[in-house]
């Protein structure tokens, strides 16, 4: 995570979902969605479901964000990197974003359908 963020907290401090959302510039619901897709991200949950992210969770979320938003990976692509890298998100030399436009669009569509279904489930609660 870039230095100087989270209002001057120490690097070892736990962070709330609000702080992580602000640091990574993604909405809180995206972080909750990523928790469901990337099992190594496991924030501590306290009373009322409040989430507290460890520094290693924040670092992992930062790498996930970069792979998804900067490098063009799909959620399934990042999941594959997690499986193959034993929790590290360092892409293997052969791993790269899908080159075929049709395959890339189908993967994005799959991700969007999964996200829609999760949002519908959450709305029913």
| task | Look through segment 35-58, keep the residues that are assigned to a helix (DSSP H, G or I) and under 10 Å from the mean Cα position of the chain (by Cα), and return whichever of them is surrounded by the fewest Cβ atoms within 10 Å (Cβ to Cβ). | result | 36
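Residue check: is residue 32 surrounded by 11 or more Cβ atoms within 10 Å (Cβ to Cβ), at pLDDT 80 or above and in a loop (DSSP other than H, G, I, E, B)?
Details: surrounded by 11 or more Cβ atoms within 10 Å (Cβ to Cβ): yes; at pLDDT 80 or above: yes; in a loop (DSSP other than H, G, I, E, B): no.
Here the answer is no, as residue 32 does not meet what is asked.
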| Got a sec? Which of 73, 62 is part of a loop (DSSP other than H, G, I, E, B), in contact with a helix residue (DSSP H, G or I) (Cβ under 9 Å, 6 or more places away or on another chain), within 25 Å of residue 113 (Cα to Cα) and at pLDDT 85 or above? | 73
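The values are calculated or read from the model by the stated rules, or taken from the named source; none is laboratory data. All figures in this text were calculated on a predicted structure; none of them were measured in a lab. Glycine gets a Cβ as well: all are built from the backbone with ideal geometry, and neighbour counts include every protein chain shown.
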